[in-house]
Amino acid sequence: MVPWIDSPGHRDWLSDQAGRLLDFYLGAADFDGGGFWELDRTGAPVTGRPKELWVNARLVHCFALGSLLGHPGCAALAEHGLDGLRRVFHDPDHGGWYWSATAQGPVDSRKQTYGHAFVLLAASTATQAGFGASDLLAEAVDLIGTRLFEPGPGLYVEGWDRSWTTGEAYRGQNPNMHLVEAFMAAAEATGDRGFIDRAGAVAARIIGEFAAADGWRIPEHYTAGWQPQPEFHRDKPRDVLRPYGYTPGHSLEWARLLIQLRAAAGAGHDWMLDAARQLFTRAVADGWDARRTGFVYTVGGDGAPVVADRFHWVATEAIGAAAYLYRATGDPAYDDWYRRFWDHAALYLIDRHDGSWWHELTPANQPGHTTWPGKPDLYHALQATLFARTPPTAGLAAALATGR
């Protein structure tokens, strides 16, 4: 029997879903002020809020992928988004990119590693899709290496103020994780394998050291000296980027990245496959609701749910982890999990009335709006439609650009 992940009908369905997602987000462009608006639950632009760097950079990445897929409108919007990164978000005085801005200037002028990681990803994907983004790529590489890297711990800080003079004492694994993704894309865009070494060094510390020592749960928050802070944000358990506790979705995301990084790094990195399997097993044991389906957002140190709501991005990363682990191992159990995760998404997360995916569900799998009131994010759901259609031995852009 053909594995479910490889069935022709499923692959056709994935292609259809990718097209529907891209169509929904074509309406995000602000052709007057530059960049992209966030979208509400119906797909209407939310014009009353500043534009967010991470949302804009992710959309550039996605529209560049869309252009490689041959989806009309995506090439024009990738160019539009690149221009927005240059005009709306770029700091002409101090370099780098503002965390949020309007056409009139910065609203939050901090220089955050999380946002710069996505600028690097966007520029790398755009370059592979044939767009002129070498200026963005070069500046992002330079700032990440000179301003955001800490040579002692070998990891990356959270961020700085606008003038790069006052840094934040907090350290987090989340921006470091996304730099691993961005570094792998940069390696494919430039041919510089030094980026693979940088990604491997981050993985060795965050996963090989911190997660391995914590029962394969990944500590999210750290002091300036990179000591885990398990009590951080106990009073803010629903924080979008820095929630209290452990985040099963990040374990699943890391599992996917480790499979890809192992393929890129070559011989001698089998520990990454072992770690990916451990992370997947722990995340499913902690976060998956076997009765109602869906993943909880966060858990405590005992694995009990802290925030039991389901966020759409966690399901997409579960899909990616299961797909890549199946490709790496051939274990049919991962094909079965892949199907189960898509069953959950199809039954509860895909909004067939207004489009895109519900970004948040209650524990009963009903649409929720407490943390994610709209639908600003295309990145996670679009990638979920590509994981089964591209090999884990290449990034999404590289695979699409070379016909794989």
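The values are calculated or read from the model by the stated rules, or taken from the named source; none is laboratory data. No experiment lies behind these values; they were computed from the predicted model shown. Heads up, the Cβs are rebuilt from the backbone with ideal geometry, glycines too, and the neighbour counts pull from every protein chain shown.
Just a few scattered comments:
- Region 83-97, residues that are surrounded by fewer than 24 Cβ atoms within 10 Å (Cβ to Cβ) and under 21 Å from the mean Cα position of the chain (by Cα): F89
- Region 222-243, residues that are under 18 Å from the mean Cα position of the chain (by Cα) and of a type outside the set (K, R): D239, V240, L241, P243
- Some residue of region 274-286 being without any contact (Cβ under 8 Å) to a residue 24 or more places away in the chain and of a type in the set (D, E): yes
- Evaluation of Y156 against (1) more than 26 Å from L378 (Cβ to Cβ); (2) surrounded by 24 or more Cβ atoms within 10 Å (Cβ to Cβ) (one fails), failing number: (1)
- Here R49 passes the criteria (1) modelled with pLDDT of 95 or more; (2) out of contact with any Gly (no Cβ under 8 Å at 6 or more places or on another chain); (3) under 30 Å from R110 (Cβ atoms); (4) not in a helix (DSSP H, G or I) except the one numbered (1).
- Check on V296, in contact with a Gly (Cβ under 7 Å, 6 or more places away or on another chain) and crowded, with 17+ Cβ neighbours inside 10 Å: yes
Per-residue answers, yes or no, for (1) surrounded by 14 or more Cβ atoms within 10 Å (Cβ to Cβ); (2) without any contact (Cβ under 8 Å) to a residue 12 or more places away in the chain; (3) touching a Gly at 6+ places or on another chain (Cβ under 9 Å):
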site	(1), (2), (3)
Y348	yes, no, yes
R352	no, yes, no
S356	yes, no, yes
A364	no, no, no
G368	yes, no, no
P373	yes, no, no
P376	yes, no, no
A381	yes, no, no
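- Remark: pairs (first residue in region 235-261, free of Cβ contacts under 8 Å to residues at least 24 places away in the same chain; second residue surrounded by fewer than 24 Cβ atoms within 10 Å (Cβ to Cβ) and part of a loop (DSSP other than H, G, I, E, B); Cβ separation under 6 Å; 6+ apart in sequence or on different chains) = D239/H233.
- When each of F183, F210, F195 is tested for being among the aromatic types (F, W, Y), surrounded by fewer than 22 Cβ atoms within 10 Å (Cβ to Cβ) and part of a helix (DSSP H, G or I), the lone residue that passes is F210.
- In region 244-253 there is at least one residue matching the filter, namely being in contact with a Pro (Cβ under 8 Å, 6 or more places away or on another chain), modelled with pLDDT of 95 or more, small (G, A, S) and not in a helix (DSSP H, G or I).
- Residue match in region 277-284 (condition: touching a Gly at 6+ places or on another chain (Cβ under 8 Å) and over 25 Å from R193 (Cα atoms)): yes
- Just one of the numbered conditions (1) crowded, with 21+ Cβ neighbours inside 10 Å; (2) in a helix (DSSP H, G or I) is not true of A399: (1).
- You will find that of A123, A204, A169, A138, the residue that is in contact (Cβ under 8 Å) with a residue 24 or more places away in the chain and either in a helix (DSSP H, G or I) or touching a Lys or Arg at 6+ places or on another chain (Cβ under 9 Å) (or both) is A123 and no other.
- Among the residues of region 319-369, the ones that are over 22 Å from C62 (Cβ atoms), in a loop (DSSP other than H, G, I, E, B) and either touching an Asp or Glu at 6+ places or on another chain (Cβ under 7 Å) or of a type in the set (A, V, I, L, M) (or both) come to 5 in all.
- Pair list, Cβ < 8 Å and 6+ apart or interchain, from region 8-36 residues that are of a type in the set (S, T, N, Q) to residues that are not in a helix (DSSP H, G or I): S15/T385; Q17/I350; Q17/T385
- Scanning region 63-92 for residues that are without any contact (Cβ under 8 Å) to a residue 40 or more places away in the chain and in a loop (DSSP other than H, G, I, E, B) yields a total of 3.
- Subset of region 106-136 that is surrounded by 22 or more Cβ atoms within 10 Å (Cβ to Cβ), more than 18 Å from the chain's Cα centre (by Cα) and of a type in the set (A, V, I, L, M, F, W, C) - its residue that is farthest from A169 (Cα to Cα): A129
- Of the residues R217, R238, R162, the single one that is surrounded by 19 or more Cβ atoms within 10 Å (Cβ to Cβ) and either assigned to a loop (DSSP other than H, G, I, E, B) or of a type outside the set (A, V, I, L, M, F, W, C) (or both) is R217.
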